[in-house]
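The values are calculated or read from the model by the stated rules, or taken from the named source; none is laboratory data. Predicted model, so just to flag it, every value in this text is computed and none were measured. Neighbour counts run over all protein chains shown; Cβ positions are idealised from the backbone, glycine included.
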Amino acid sequence: MTKQLPHENTRPFLTDAGLETWLLFQQGFDLPYFASFSLLNDVKGSTAMTEYFTGFLDLAAQQGTGFVLDTCTWRANPDWAARMGHDLVALEEINAQAVSFAAALRAQRAQNADVLINGVVGPRGDGYDPATVMSVVEARAYHQFQVDALSRSGADLVSAITMTNTPEAIGVANAAAKAGVPCVVSFTVETDGKLPTGQHLSEAIAETDAQSEVRPAYYMINCAHPDHFRDVLGDGSWTDRICGLRANASRMSHAELDACEELDDGDPQELGSLYADLRRYLPRLNVFGGCCGTDLRHVSSICHAVHAPQVA
């Protein structure tokens, strides 16, 4: 049975927060290239990830929301995996294992129909710097491998997370269309509210919608503080295409975050208030989570700010 995705109803969905920063800064794990999938076969690491996601799943169950459960595959694409010594055979197994890990977490939930397994696809290059921009054709060919692996393994949808440019976003969307799996595109923006390429967010969404073989189910913004993009939202029907938000609690720029040796976790309560305010600008917003530097405290604050729990 096909599960109903967030954009198909008004029900709120939660996500997790900044998994990699939580593992690195709060739990002390070594994450080569920020690749959390490296912990799947590490007992201590997989236990920590289980405890991490369980907290968010419990929050969603308590508050009566749906949950978008990410796979730990942001770095599980060919170039990044090769740097860690994995060939394509191993990489396909890594993606499949990540989906199985998420499926096992979902199976433990009494209301597992409310949990969507989201196959995460990260950028080919750096998540902040689009130093080399592929063509749409190149991006589709590059990302097809991972999208196929996630789809075959049972992901309910795939999400292109921290996209810095439109050709790569379109390429992932086209790879998802070929695989027959729904796709979400999440752009990241700089402190001026524009993509790292300098493109306005509204233009990026319009271009991706127009040039994708099957347009994305919806869009998200991630890895930026609300202050960085609130002023560019403005008026216009294009904001109806944004259903999800995974912001940073830190107001630091991407360059500052890259150089940061200590975690800047901002103010969880303030972040919740900022999300509530953003609903004025984003009428279809119903997917709420966090990104770098955030954890369960932040998502709990966000949830309480934007959603009244259902009463049995």
Notebook entry, point to check: What is the residue count in the range 135-192 for residues that are assigned to a helix (DSSP H, G or I), over 30 Å from Ala113 (Cβ atoms), touching a strand residue (DSSP E or B) at 6+ places or on another chain (Cβ under 9 Å) and not polar (S, T, N, Q)?
Noted result: 3
Next item on the list: Scan the range 249-285 residue by residue and report those that are at pLDDT below 90 and in contact with an Asp or Glu (Cβ under 8 Å, 6 or more places away or on another chain).
Entry: Met252, Ser253, His254, Leu257
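Under 29 Å from Gln4 (Cβ atoms) and either at pLDDT 95 or above or not aromatic (Phe, Trp, Tyr) (or both): does that describe Arg246?
On the way: under 29 Å from Gln4 (Cβ atoms): yes; either at pLDDT 95 or above or not aromatic (Phe, Trp, Tyr) (or both): yes.
For Arg246, the condition - under 29 Å from Gln4 (Cβ atoms) and either at pLDDT 95 or above or not aromatic (Phe, Trp, Tyr) (or both) - is met.
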Notebook entry, point to check: Which one of these does Ala210 not meet: (1) in a helix (DSSP H, G or I); (2) farther than 20 Å from Gly125 by Cβ; (3) in contact (Cβ under 8 Å) with a residue 24 or more places away in the chain?
Noted result: (3)
Margin query: Give me the residue from the range 146-162 that is closer than 16 Å to Asn174 by Cα and either aromatic (Phe, Trp, Tyr) or within 10 Å of the chain's Cα centre (by Cα) (or both) and, out of that set, surrounded by the fewest Cβ atoms within 10 Å (Cβ to Cβ).
Written below: Ile161
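Output the residue which, of all residues in the range 43-100 that are basic (Lys, Arg) and touching a residue at least 24 places away in the same chain (Cβ under 8 Å), is surrounded by the most Cβ atoms within 10 Å (Cβ to Cβ). First the steps, then the outcome.
Quick first cut of the range 43-100, residues basic (Lys, Arg) only: 44, 75, 83.
This time we only want the ones that are touching a residue at least 24 places away in the same chain (Cβ under 8 Å), so: 75, 83.
Numbers: Arg75: 24, Arg83: 12.
Among residues in the range 43-100 that are basic (Lys, Arg) and touching a residue at least 24 places away in the same chain (Cβ under 8 Å), the one surrounded by the most Cβ atoms within 10 Å (Cβ to Cβ) is Arg75.
Does Ala113 satisfy the criteria of being free of Cβ contacts under 8 Å to residues at least 24 places away in the same chain and either outside any loop (DSSP other than H, G, I, E, B) or under 29 Å from Asp42 (Cβ atoms) (or both)? I'd like the intermediate steps shown before the answer.
Working: free of Cβ contacts under 8 Å to residues at least 24 places away in the same chain: no; either outside any loop (DSSP other than H, G, I, E, B) or under 29 Å from Asp42 (Cβ atoms) (or both): yes.
It is false that Ala113 is free of Cβ contacts under 8 Å to residues at least 24 places away in the same chain and either outside any loop (DSSP other than H, G, I, E, B) or under 29 Å from Asp42 (Cβ atoms) (or both).
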Next item on the list: Could you please find all residues in the range 28-50 being touching a Leu at 6+ places or on another chain (Cβ under 9 Å) and not in a helix (DSSP H, G or I)?
Entry: Phe29, Asp30, Leu31
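Scan the range 244-255 residue by residue and report those that are surrounded by fewer than 22 Cβ atoms within 10 Å (Cβ to Cβ) and under 16 Å from Asp70 (Cβ atoms).
Within the range 244-255, the first condition is being surrounded by fewer than 22 Cβ atoms within 10 Å (Cβ to Cβ), and the residues that meet it are 251-253, 255.
Result: no residue meets the conditions.
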